[in-house]
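Data block below; observations after.
The values are calculated or read from the model by the stated rules, or taken from the named source; none is laboratory data. Small disclaimer: the values here were computed from a predicted structure and weren't measured. Positions of Cβ are generated from backbone atoms using ideal geometry, with glycine treated the same way; all protein chains shown enter the neighbour counts. These area figures cover heavy atoms from the full protein model, side chains too; ligands, DNA and RNA do not enter into them. Shrake-Rupley method; radii C 1.70, N 1.55, O 1.52, S 1.80 Å.
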Amino acid sequence: MKAFDSTQLYFNRAADQIDLTDNMRRLLLIPKREIQVQVAIERDNGEIASYIGYRVQHDDARGPMKGGLRFHPDVDLDEVRSLAALMTWKTAVVKIPYGGAKGGMAIDPALFSLRELETLTRKFVDGIHDVIGPDVDIPAPDMGTNAEVMAWFMNQYAKYHGFSPACVTGKPVELFGLPGREEATGRGVGIFTYKLLSRLGRKPADVRVVIQGFGNVGSHTAKFLTEAGYRIIAVSDVHGGYYKPEGLNVPQVLRYALEHKGSLAEYPDAQAISNEQLLALECEVLIPAALGGVITKSNVDTIRAGIIVEAANAPVYPDADDILAERGVVVLPDILANAGGVTASYFEWVQNRQHYQWDLNRVRQELDRVLSQSFERVWEISVEKKVSLRTAAYIIGIGRVGRATVLGGIA
Ligand code: NAD
């Protein structure tokens, strides 16, 4: 199944619950605008190389469109389209005044020098600057991009449009960024996991957690959950996983990753396993925090976790989701689970527009408040309508976007 088909299927399940008409479904599903631009650079060895940059702007009924910029070899238009739609439902579930978008380039950033990455980013901005902006579409970091990339992005955008720090979020704190933005997605995943486990009556000491991906989201999730008293028994990155049944020393793993450019390769104090083995470990909570499509029909029977928290976007495909539901596995959906990032991005945008720097305490307080309220609403709808947490989140998201679309007028 392709990525966009999967998002569409989840959408339709919720749309059935609220009797959404076929015309409204079409209106809400078709992206507003899709952009492809050529991004050509001269590589360090003198070769000319060209790539395709994508930006899909899905919906703006509730506000300017918002979504990450991904540098990863698997990026294609279908995936970007699916991720853009997820952003529309996500911003609506947490009730921040944004629509949804996403962008990316099919490159492996590890194979480019810093100079090449900077040039790629600037050339991409050259291609899309006139269809983005603080009131139109605001990119942010995603897989393979970070605060440094956002700083280049802002700087290049300013060459066309003047000083506009709100044109992009996830910037370095010293350069109009928000204290706490970097940790926000992982912190949010941690808050939601804690809330879900509390609702299910599970005590931190009895919960073993497995995390796939140890980048921005995975590492901050591990840190937050360790501080909350949970036992992290395995983590992984693109090269493989590290497993310790009695619990990893997470501060030590974090230090190791920091000292090895983010890589866990050859981490000494745990058993090395593959990413497939990691997903199949016996645990209470499994948190995919890397790529989409990692739990599908072909490996779902190996999954032994009772709870899956979708920190990554679209890690569980619908065919696997159905089997997990039959087995009573609780899945906390991406459009809620990883919404801490876009919520903090919203605070950064507000801060930039106010020209007033927020402090970390305020960011954490506001983030915790927005995420807690969103969790409670999704839980309520799930109980009230006897549907999964995913369908409940979609019902809320689609309802809010649908109402805004109708109120704005379609004529
Ligand atoms: P990142 O680039 O910082 O880290 C990605 C991690 O995944 C790295 O540890 C990498 O080694 C690992 N990885 C890559 N390919 C893998 C593979 N094939 N198997 C196993 N591990 C692999 O990215 P991130 O920002 O942490 O994003 C992770 C996920 O969270 C993505 O799905 C992203 O869309 C989602 N997300 C991120 C944010 C954010 O604020 N960064 C917000 C919402 C959602």
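Confirm whether L264 is in contact with a Ser or Thr (Cβ under 6 Å, 6 or more places away or on another chain) and at pLDDT 95 or above. Spell out the reasoning first.
Values: in contact with a Ser or Thr (Cβ under 6 Å, 6 or more places away or on another chain): no; at pLDDT 95 or above: yes.
Answer is no for this residue.
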Matching residues in segment 306-346 - criterion: being more than 30 Å from G177 (Cβ to Cβ) and within 16 Å of the ligand (Cβ to nearest atom): I308, V316, Y317, V331
Scan segment 106-142 residue by residue and report those that are surrounded by fewer than 16 Cβ atoms within 10 Å (Cβ to Cβ), within 13 Å of the ligand (Cβ to nearest atom) and within 22 Å of L77 (Cβ to Cβ). D108
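Out of D319, D359, D301, D368, which single residue is touching a Lys or Arg at 6+ places or on another chain (Cβ under 6 Å) and either open to solvent by 30 Å² or more (accessible area, probe 1.4 Å) or closer than 20 Å to S6 by Cβ (or both)? Walk me through how you get there before you give the answer.
Values: D359 fails: touching a Lys or Arg at 6+ places or on another chain (Cβ under 6 Å); D301 fails: touching a Lys or Arg at 6+ places or on another chain (Cβ under 6 Å); D368 fails: touching a Lys or Arg at 6+ places or on another chain (Cβ under 6 Å).
Just a single option satisfies the conditions, and that option is D319.
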Given the criteria aliphatic (A, V, I, L, M) and assigned to a helix (DSSP H, G or I), does I308 qualify? no
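With respect to I307, is the statement that it is free of Cβ contacts under 8 Å to residues at least 60 places away in the same chain, of a type in the set (V, I, T) and open to solvent by less than 20 Å² (accessible area, probe 1.4 Å) true?
Working: free of Cβ contacts under 8 Å to residues at least 60 places away in the same chain: no; of a type in the set (V, I, T): yes; open to solvent by less than 20 Å² (accessible area, probe 1.4 Å): yes.
Criteria not met by I307.
Residues that are surrounded by fewer than 16 Cβ atoms within 10 Å (Cβ to Cβ): find the helices (runs of 4 or more DSSP H) completely inside segment 216-282 holding 2 or more of those.
Numbers: elements: 216-227, 250-259, 275-279.
Once the helices (runs of 4 or more DSSP H) in segment 216-282 are filtered for at least 2 residues that are surrounded by fewer than 16 Cβ atoms within 10 Å (Cβ to Cβ), what remains is 250-259.
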Take the residues of segment 190-215 that are farther than 22 Å from S388 by Cβ and in a strand (DSSP E or B): which is most open to solvent (accessible area, probe 1.4 Å)? R208
Might you check whether a residue that is over 24 Å from I191 (Cβ atoms) and in contact (Cβ under 8 Å) with a residue 40 or more places away in the chain occurs anywhere in segment 239-261? no
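So which residues in segment 169-226 are under 26 Å from Y243 (Cβ atoms), charged (D, E, K, R), more than 16 Å from the ligand (Cβ to nearest atom) and touching a residue at least 24 places away in the same chain (Cβ under 8 Å), if there are any at all? Please lay out each step first, then the result.
The first filter runs over segment 169-226 and keeps only residues under 26 Å from Y243 (Cβ atoms), leaving 183, 185-194, 196-197, 200, 202-226.
With the extra rule that they be charged (D, E, K, R), the set shrinks to 183, 187, 202-203, 206, 208, 223.
Checking the rest, the ones that are also more than 16 Å from the ligand (Cβ to nearest atom) come to 202-203, 206, 208.
Scanning segment 169-226 gives R202, D206, R208.
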